[in-house]
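Asks: I'd like to ask some things about the structure below.
The values are calculated or read from the model by the stated rules, or taken from the named source; none is laboratory data. Bear in mind that the values here come from a model prediction, so they are computed numbers and not experimental data. FYI the Cβ positions are ideal-geometry reconstructions off the backbone, even for glycines, and counts take in every protein chain you see. Note: accessible area is taken over every heavy atom of the protein model, side chains too, but ligands, DNA and RNA are not part of it. Shrake-Rupley method; radii C 1.70, N 1.55, O 1.52, S 1.80 Å.
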Amino acid sequence: MLDLYSNIVTYPQMFRQFSCGRTLITEYDCPLGSKKQDLWSEHNYIVRVVEGRKIWHTAQGSFDLQKGSCVFVRKGACIVEQFFDAVFCNVILFLPDDFIAGVVKSRSAPLTQPGKKFSPVMPVAGDPALDAFFISMSSYFGARREPDASLLELKFREIVLTIAENPANATILSYFHSLLNNSRAMSIRAVMEENFCYNLRLEEFARLSSRSLSA
């Protein structure tokens with residue numbers, strides 16, 4: 001399986017990227033080698049489609065992402081189907097559990113009570129604030145110099161808080177709330193039940209559940 005996060009981090013010369021700790025944003029337009037590609041990520045990530053179309057297939061259904069789509073993808077595995085008749089370009093922003101938990105703790109507004117189950121892929125409702133965030137980040141990708149790490153951290157916090165401020169994102173905020181008491185070690189049973197149908201190695205299951213291989 002393709003490790004999406006590691007594949008991007010390992011090749012900074014191929015994908016312009018900015019990071020602060022394990023939080024990272026990149027413009028990603030690398031084509032997959034086949035019609036369908038199994039991939040996984042140990043971190044949650046946001047996908048904003050700039051051009052083209054791809055379908056994220058998960059154990060709970062398929063999600064057709066086209067130009068303008070913006071979704072929050074929970075950490076785990078999926079199968080991505082691509083279409084070779086069009087160029088695909090998207091912005092991906094990786095958000096580890098503990099980073100999200102730390103940001104939502106700082107909110108003064110009460111949090112939505114967490115649900116018991118969440119879709120692997122959740123649409124992010126569009127609004128002017130969300131558009132402004134991606135426009136502001138595009139200016140960094142177009143510049144030669146890299147923004148300071150402290151500014152990047154503020155931008156990463158901004159996207160989490162922007163999503164949380166929109167009432168239409170109540171399900172995502174509920175998921176954010178669920179991380180407050182479980183941000184470090186996700187239930188092994190939950191990880192296995194959500195990803196058993198994919199060809200993940202034991203080492204990868206360990207990383208998804210924030211545990212050592214021996215644990």
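Asks: Which residue fluctuates the most in the chain, going by a Gaussian network model with Cα springs under 10 Å, if the choices are Pro128, Pro167, Pro147?
Replies: Pro128
Asks: Next question. So which helices of the chain fit the span-like rule, where a helix is a whole DSSP H run, its Cα atoms reach 27 Å or more along the axis, and its mean Kyte-Doolittle is at least 0.0?
Replies: In the chain, no H run is both long and hydrophobic enough.
Asks: Next up: List the lysines whose Cα sits under 22 Å from the Cα of Lys117, skipping any in the same chain fewer than 8 residues away.
Replies: Lys75, Lys105
Asks: Mind checking which of Asn199, Asn90, Asn169 has the largest fluctuation in a GNM of the chain, springs on alpha carbons under 10 Å?
Replies: The residue with the greatest mean-square fluctuation here is Asn199.
Asks: Moving on. Put Ser119, Ser41 in order of accessible area, largest first, 1.4 Å probe: what do you get?
Replies: From most exposed to least exposed: Ser119, Ser41.
Asks: Using the Cα gyration tensor of the stretch 51-96, with a ≥ b ≥ c the square roots of its eigenvalues, what is the shape: rounded (a/c below 1.5), prolate (a/b larger than b/c) or oblate (neither)?
Replies: Judged from the Cα gyration tensor, the stretch 51-96 comes out oblate (a/c at least 1.5, b/c at or above a/b).
Asks: Keeping all protein chains in position, work out how much accessible area Arg53 exposes to a 1.4 Å probe, and write it in Å² to the nearest 10.
Replies: Accessible surface of Arg53 is approximately 90 Å².
Asks: Considering only Met14, Ser214, Ser106, whose Cα is most displaced toward the positive end of the charge dipole of the chain, charges sitting on Cβ of Lys, Arg (+1) and Asp, Glu (-1)?
Replies: Ser214
Asks: Moving to a separate point now. Lys75 accessible area, nearest 10 Å², 1.4 Å probe?
Replies: Using a 1.4 Å probe on the heavy atoms, I get roughly 20 Å².
Asks: Can I ask one more? Compute the whole-percent fraction of alpha carbon pairs in the chain spaced more than 24 Å apart.
Replies: Of all Cα-Cα pairs in the chain, 41 percent lie more than 24 Å apart.
Asks: Here is a further query. Quote the Stokes-Einstein diffusion coefficient, in whole µm² s⁻¹, for the stretch 97-150, based on the Kirkwood radius over alpha carbon pairs, a temperature of 4 °C and a viscosity of 1.567 mPa s.
Replies: 88 µm²/s
Asks: How charged is the neighbourhood of Gln82? Take every other residue with its Cβ under 13 Å from the Cβ of Gln82, and add Lys/Arg as +1 and Asp/Glu as -1.
Replies: -2
Asks: What list of ³J(HN,Hα) couplings, whole Hz, do you get for the stretch 13-19 from phi and the Karplus terms 6.51, -1.76, 1.60, once you set θ to phi - 60° and write x for glycine and proline?
Replies: Calculated HN-Hα couplings, in order: 6, 8, 10, 4, 8, 10, 9 Hz.
Asks: Return one quarter of the surface area of the convex hull spanned by the alpha-carbon atoms of the stretch 28-133, equal to its mean projected area, in nm².
Replies: 7.6 nm²
Asks: Just to verify a number: what accessible area does Phe141 come out at with the full protein assembly present, 1.4 Å probe, Å² rounded to tens?
Replies: Approximately 20 Å² of Phe141 is accessible to the 1.4 Å probe.
Asks: Give the distance, in whole Å, between the Cα centre of the stretch 158-180 and the Cα centre of the stretch 63-91.
Replies: Taking the Cα centre of each part, the stretch 158-180 and the stretch 63-91 sit 21 Å apart.
Asks: Measure off, as a whole percent, the carbon and sulfur share of the 1.4 Å-probe accessible area of the chain, all protein chains present.
Replies: 53 percent
Asks: Now for a separate question. Roughly how big is the chain's charge dipole about its Cα centre, with Cβ charges of +1 (Lys, Arg) and -1 (Asp, Glu), in debye to the nearest 20?
Replies: 340 debye
Asks: Also, I was wondering about something else. Determine ³J(HN,Hα), in whole Hz, for all residues of the stretch 44-49 in sequence, where each value follows from phi through the Karplus function 6.51 cos²θ - 1.76 cosθ + 1.60 and θ = phi - 60°; x replaces Gly and Pro.
Replies: 4, 8, 9, 10, 10, 7
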